[in-house]
Amino acid sequence: MSGDDEFDDFLARRKPLFQRPSAHELEPPAEVDRLVLRQAREAIRPSRELHEIRGAGWGMPLALAATVLVTVTIVLNVMVPRKVDHASDVHQVAQRIDAAQPNATMAPSVAPAARAPNNAARPAAAPALASAPAFAASEAAAGRGTPPPTESPRVAAKAAPAPAWRRDTQSWLAEIDKLRAQGKIIEADAEMAEYKRQHRAYAASPDR
Amino acid sequence: MNAATFAMDGLTTSDTDVRFARPKLARRVELVTDDEDAQLMLAYGRGEMRAFETLYSRHRAALYRYLVRQARDAEIANDLFQEVWSRVIVIRSRYEPRAKFRTFLFTLAHNCFIDHCRRVKSRPAGLVLEDADAADLLPADDASRPDASMERDENSRRYRAALATLPQEQRDVYLLHEESDLSLEEIARITGVGAETAKSRLRYAVGKLKAALAAMEDPA
């Protein structure tokens, strides 16, 4: 057999040209095996964990955002009192009343305490004190013959003559109910706001 | 591990010291879909540890023998062995079976060894394995058959000594042929030479080994 044929046999792995050690002579140490397998295992562990988190990745922020939104909404609705612009409502009602009664005489301002003697919890003369300076200024201006000083709408509203129904608590509440029955919700609300402003105990009572 | 970029159809490193021929990157091959090992590697890339265990058990011994006989030092071989598998692990997610997995694995091993040689630059080709190194490579003696163990040890020693006389390029081609069970074309691709060059190196290597072993058996 020529050398070429021998080499071809060798290449085709049909015949060994010489004796060589057993193929199982050398094996990697067990410690090396352990290290390699551990490295391989640790390499895929983070990706698997990331994959698991990625599956619910959109759900968790959404749940948190929804929770925060609901919580804030509840807190705002429960804890923060709603602001009602009583003054503007009262002013509007006062203007309408003035328009309806152009020739009405300026009735002296009656203290709520005097108008509603039955209301024991009402603050004594606070509304009267509030409207007294405006009225005094108006009187003084008339006496001097000069036009009264320009008043703010709020002061003007307070200086406006009080309607007759406001003199009595029952009449006032009846008037409010009447306005509501007529569909004048804004006027009714304004009257109620003014009523509550003058009757703090009524506004603060637990059933209101 | 140095900063190296890998591709399935060849590996390259940033080193410029061309002691050994490098694989070419330009050639592209179609994906190998019938290689079971490649499928296992893809499965491991998807996170299946069992696939890696199967892959590892199939190739660990051959790869280790290749590295031990290339490095001629058990400690170095252990380090290179771990480095090769580390590269396999790192590459898993971008692995594409453009060649048989065995080709890919031995390409990594080949380049790891070349990188090692470049790092140390102190091991001349053809250095004969010293007895102390050879003893480190041997498995534990078989106490039940001391005569067989001695004969096996003697054969191993002669084989390694003959192997160590080969020039690096010839030993590289020979070990790839013996341990990786790859074809000449695949070996040529791994070593970055033409198929005829690889065949010529292998022919020289086999001839020298045969002569060296014959001389050792019959010194007269």
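The values are calculated or read from the model by the stated rules, or taken from the named source; none is laboratory data. Every value quoted in this text rests on a predicted model; they were computed, and no experiment measured them. Glycine also receives a Cβ, built like all others from the backbone with ideal geometry; neighbour counts cover every protein chain displayed.
General remarks:
- Restricting the stretch B:44-84 to residues that are of a type in the set (K, R), facing chain A (nearest Cβ under 9 Å) and closer than 25 Å to B:V173 by Cα, the residue that is surrounded by the fewest Cβ atoms within 10 Å (Cβ to Cβ) is B:R60.
- Candidate set from the stretch B:164-192 (those that are at the interface with another protein chain (Cβ under 9 Å from one of its Cβ atoms) and part of a helix (DSSP H, G or I)); member that is surrounded by the fewest Cβ atoms within 10 Å (Cβ to Cβ): B:L184
Rundown of residues vs (1) under 27 Å from B:E186 (Cα atoms); (2) modelled with pLDDT of 90 or more, yes/no style:
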site: B:H110; (1), (2): yes, yes
site: B:A148; (1), (2): no, no
site: B:E151; (1), (2): no, no
site: B:L163; (1), (2): yes, no
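- Residues satisfying the stated conditions in the stretch A:40-70, i.e. at pLDDT below 80, more than 19 Å from B:R92 (Cβ to Cβ) and part of a helix (DSSP H, G or I): A:I53, A:G55
- When residues in the stretch A:178-192 are screened for being crowded, with 19+ Cβ neighbours inside 10 Å and in contact (Cβ under 8 Å) with a residue 24 or more places away in the chain, 3 of them pass.
- Of the listed requirements (1) at pLDDT 75 or above; (2) farther than 20 Å from B:R87 by Cα, A:L37 misses just one: (2).
- Residue in the stretch B:85-101 that is under 13 Å from the mean Cα position of the chain (by Cα) and either farther than 15 Å from A:P28 by Cα or more than 9 Å from chain A (Cβ to nearest Cβ) (or both) present: no
- Checking each residue in the stretch B:204-215 for being within 7 Å of chain A (Cβ to nearest Cβ) and within 18 Å of the chain's Cα centre (by Cα) picks out B:V206, B:L209.
- Residue in the stretch A:20-32 that is in a helix (DSSP H, G or I), modelled with pLDDT of 75 or more and within 7 Å of chain B (Cβ to nearest Cβ) present: yes
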